[in-house]
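Readers should treat all values here as calculations from the given coordinates under stated rules, not as data from a laboratory. Since we're looking at a predicted model, the values are computed, not measured. All Cβ positions, glycine included, derive from the backbone under ideal geometry; neighbour counts span all protein chains shown.
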Amino acid sequence: MTNRLANSTSPYLLQHAQNPVDWWEFGPAAFAEARTRDVPVLLSVGYAACHWCHVMAHESFEDPAVGEYINEHFVAIKVDREQRPDVDALYMSATQLLTQQGGWPMTVFLTPEGQAFHAGTYYPPRPMQGRPSFTQVLHAVNDAWTERREQVLQGAQSVTDALQRHPEAVASMLGTDRHTAGPVQIDAPDPSGDITHQESQLIGPWLDALEVARDSTHEGFGNGPKFPPSPMLEALVLLASRDGDLSARAAELLTATLDAMVTGALHDHVGGGFFRYSVTPDWSLPHYEKMLYDNAQLLRVLAHTARYLEKRGTDPVRAARYRNAAEGIVTWLAREMITEQGAIAASLDADSDPVTPGAEREGAFYTFSRGDVGEPQPAVAGWGESGSVTGILDQNVREELWEQREQRTPPERDDKVVTAWNGMTIEALAEAAVLLDRPEWLETAEWAAEFVWTRHWNAETTTLARTSRQGTVDPHDGQLEDYVRAGLAFLALYRATGLEQWYARSLELARATVEKFMRGDTPMDSAEPDAVLVAAGATGQSDPFDDVAASAQSCLARWLVLLGQPKVAGRSSDGLVDLLVKPAQGLATRAATAAGGTLHAWLLRAQPPALLEVVHASDQDWEQVQASAGERRVTDVLVLGEGHAPYGVPEASSDEFAVWLCRNGQCELPVRSPEKVDELLDRA
């Protein structure tokens, strides 16, 4: 017997379609049912690759007795956090308010209006280690709802009030409170001023704060589980590649962190790619799910860092290590993650059937006993905890382990296509293809980008879908993250290929994004926040803090800088970027590990790519200009043809070929032959 989830486009929800629980998807109908029955809502949020989500499903949601009790006393809603990040974000904030911790599976109890009043994460089937059983929690919540309703509603309103105050609390913390009387300092760079001094005032304290947070023993940041700090690394590699007193400090932090991840067990040394995080602070025991967003961001960081080191020529061993890791990510993507439609799947599960019946399912596909290698040699293969592989493998060892892995049952794949994550991957592939001289990678990027544009983007409604599966597009509109990541992807493809259709698409999407998501001076995560979420405390406003990826508003700022247009949707691009990077100083000193995205955008605003405006170019001329720009066209040079040149054709007196070098709205005298473009680039 199936429940309402049987027709979902989410693999995670489909995993629960056979449960005895009468699950609903998140929406007005479920809350109307709760009001009609006068019962609370049980909200369960997870994702397909989540190990503990599977554990709780097997222990509780597949139990007929538990299902019967839930169905009698609750309206049960199941949410895929990757499909509905707006739902996940609000109720994770509520969970953290109520419990001072969070994670998945997330278990939240709501009033029929959607307000949270009790929350937790994983609950076991029996009490253990001070944690109540799930059944005990269900009974306690039902008793409270029936016997102490007024107290429950008061608590729910307190949570809602706190959630509604969140934007003001963030603004106060970061010193950007718009409601404070008097002038507000805007921490935006002034490209016409002394950039070196401005950087030292902002970036120096940020690096100091990162040193404080740094784990000097194992590298990375903090002393608990270690996640890839990708947004921070993206800012560090940009800073390292620029001249200045801070570049050496940035490079040392960057390479120390990358070394720990690339040589540790977080890296799949056998099959390529990286796992989601390390349970241990020394990077020796990963949590084995593989997420597309992690690998996309790390591909970009590794490609840029490898090329930076190759050009310096002082550390060829490390440069080769990073290049190999980047190539391993692309190999993994091509082998395991491309969908039938040419897009890129969301994740691989942590669990699979073990070789030995009854053994641990988590990591079963990836772990080995030391005896699995014919001749264990610590010099070529190290060992982390519980059979994880560390170190840099000898090719023979890698092939031997891969042959064994191929005989195993692989983990399940979540083949849902997430717009934002595909965007991250397309951007990374496009840039890595140029930087590492692997032009064949562009084909994968173009296939995925074409799918996102033709299937997820609706030009008539100017809406971009968040997800699809097997060609069926989910009806939910994307979040700000989806729009900006897709826009950055199209722009990166344009810069890598020179095909102007990708720039046109990026610009079209940028106009829609600014119109939809900028409410005056306030960036919004949701163009039209869900009414239930608004009643529960959601404001829809975008947070400036990075999480596993750079904040959406910082990515919007980066996109607007890289587009090179003075105005987008009738608004000043510089003015918008300055608003979006306004939290930079507060983030740098008070939330340093969550500041990378904003500081990355700040650095680009301070020194944007040089602009080459090309007019009256033949196809051959255009290709020659692209070739002259070389790899700089994906780093610090933007080449635009006359159709998109932001300043028009400056003082053009003839129809002959010309290239102008422009900065801050001013263009130098042009060169009139492709052979002389190098002269402009020398000054760029």
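How would you rank Leu493, Leu603, going from fewest to most other Cβ atoms within 10 Å of each one's own Cβ?
Numbers: Leu493 28, Leu603 23.
Placing the least packed residue first, the sequence is Leu603, Leu493.
In debye to the nearest 20, how big a dipole does region 600-640 give about its Cα centre with +1 on each Lys and Arg Cβ and -1 on each Asp and Glu Cβ?
With only Lys, Arg, Asp and Glu charged at Cβ, the dipole is about 260 debye.
For Lys290, give me every one of the aspartates and glutamates with a C-alpha distance below 13 angstrom, ignoring sequence neighbours fewer than eight places off in its own chain.
Leaving aside aspartates and glutamates fewer than 8 places away in the same chain, those within reach of Lys290 are Asp268, Glu336, Asp349, Asp351, Glu362, Glu412, Asp414, Asp415.
Give the residue from Gly586, Val561, Ala627 lying farthest towards the positive end of the charge dipole for region 526-684; charges sit on Cβ (+1 for Lys and Arg, -1 for Asp and Glu) and the dipole is referred to the Cα centre.
Gly586
Does anyone have the angle between helix 316-336 and the longest principal axis of the chain? Alpha-carbon axes, 0 to 90°, nearest 10?
Helix 316-336 sits at roughly 60 degrees to that axis.
Taking Cα atoms, how many degrees apart are the long axis of helix 28-37 and the longest axis of the chain, rounded to 10 and kept between 0 and 90?
20
Determine the sum of side-chain charges near Glu336: Lys and Arg each +1, Asp and Glu each -1, restricted to other residues whose C-beta is under 10 angstrom from that of Glu336. Could you put the intermediate results ahead of the total?
Values: positive: Lys290, Arg335, Arg413; negative: none.
Overall, the nearby charge balance is +3.
If you average the alpha carbon positions of region 419-453 and of region 1-60, how far apart do those two centres end up, in angstrom?
After rounding, the separation between the Cα centres reads 34 Å.
First check a/c for region 4-164, with a ≥ b ≥ c the square roots of the eigenvalues of its C-alpha gyration tensor; if it is under 1.5, answer rounded, and if not, answer prolate when a/b is larger than b/c or oblate otherwise.
Details: a/c = 1.25, a/b = 1.21, b/c = 1.04.
Rounded is the answer for region 4-164, as its axis ratio a/c remains below 1.5.
Putting +1 on Lys and Arg Cβ atoms and -1 on Asp and Glu Cβ atoms, find which of Pro475, Ala306, Thr367 reaches farthest to the positive end of the dipole of the chain.
Pro475
Can you list the GluC sites (Glu not before Pro) in region 585-684 that are in a DSSP coil and have 15 or fewer other beta carbons within 10 angstrom? Mind showing how you got there, number by number?
Working: sites: Glu613, Glu623, Glu631, Glu642, Glu651, Glu656, Glu668, Glu675, Glu679; in loops: Glu642, Glu651, Glu656, Glu668.
Answer by residue number: Glu642, Glu651, Glu656, Glu668.
What angle, in degrees between 0 and 90 and rounded to the nearest 10, separates the Cα long axis of helix 292-312 from the longest principal axis of the Cα atoms of the chain?
It works out to around 30 degrees.
Give me the extension gain from Asn71 to Gln607: residue separation times 0.36 nm, minus the current Cα-Cα distance, reported in nm with one decimal. Each step should come with its number before you reach the end.
Details: separation 536, 0.36 × 536 = 192.96 nm, distance 5.85 nm.
187.1 nm is the gain from fully extending Asn71 to Gln607.
Report, in deg cm²/dmol and to the nearest 500, the calculated mean residue ellipticity at 222 nm for the chain, where each DSSP H run with n ≥ 4 adds -39500 (n - 2.57) and the sum is divided by the residue count.
-14000 deg cm²/dmol
Output ³J(HN,Hα) for region 338-343: one whole-Hz value per residue in order, computed from phi by the Karplus curve 6.51 cos²θ - 1.76 cosθ + 1.60 with θ = phi - 60°, and x for Gly and Pro.
With the stated coefficients, region 338-343 comes to 7, 7, 4, 7, x, 8 Hz.
Among Val637, Val279, which comes first, then next, by fewest other beta-carbon atoms within 10 Å? Display every interim value, and only then the final one.
Numbers: Val637 20, Val279 17.
Lowest to highest Cβ neighbour count: Val279, Val637.
Could you state the number of Å between the C-alpha centres of region 209-237 and region 258-309?
After rounding, the separation between the Cα centres reads 13 Å.
In debye to the nearest 20, how big a dipole does the chain give about its Cα centre with +1 on each Lys and Arg Cβ and -1 on each Asp and Glu Cβ?
Details: 55 positive and 97 negative charges, 183 e Å.
Computed about the Cα centre, the dipole is about 880 debye.
How about region 22-59: which chymotrypsin sites (Phe, Trp or Tyr not before Pro) there lie in a loop by DSSP and see at most 11 other Cβ atoms within 10 Å?
none
When you count, for each residue, the other Cβ atoms within 10 Å and take the mean per peptide, how do 422-430, 114-122 rank with the highest first?
Values: 422-430: 29.6, 114-122: 23.0.
Sorting 422-430, 114-122 by mean packing, highest first, produces 422-430, 114-122.
Give me the mean projected area, in nm² to one decimal, of the convex hull enclosing the Cα positions of the chain. Numbers along the way, then the final one.
Numbers: hull surface 125.8 nm².
Taking the Cα atoms of the chain, their convex hull projects to 31.4 nm² on average.
Going through region 289-365, which GluC sites (Glu not before Pro) have at most 10 other Cβ atoms within 10 Å and a DSSP loop state? Provide the component values of the computation, followed by the final result.
Details: sites: Glu289, Glu310, Glu327, Glu336, Glu340, Glu360, Glu362; in loops: Glu289, Glu340, Glu360.
Those that pass, being in a loop and sparsely packed, are Glu340.
First select every other residue whose beta carbon is under 14 angstrom from the beta carbon of Ala116; then total the charges, Lys and Arg +1, Asp and Glu -1. If you can, show how the numbers build up before the last one.
Details: positive: none; negative: Asp88, Glu113, Asp161.
Spelling it out: positives minus negatives among the neighbours equals -3.
Contour minus end-to-end for Thr36 and Arg590, with contour as 0.36 nm per residue of separation and end-to-end as the Cα-Cα distance? Could the numbers behind the result be given before it?
Details: separation 554, 0.36 × 554 = 199.44 nm, distance 4.64 nm.
This chain segment gains 194.8 nm when fully extended.
Are there cysteines in the chain with no other Cys C-beta under 4.7 Å, and if so, which?
If one checks each Cβ against the other cysteines of the chain, Cys555 turn up with nothing under 4.7 Å.
Lys and Arg at +1, Asp and Glu at -1: add these up for the other residues within a Cβ distance under 10 Å of Lys516 and post the number. Intermediate results must be reported in sequence, preceding the final value.
Details: positive: Arg511, Arg519; negative: Asp477, Glu515, Glu528.
Local net charge: -1.
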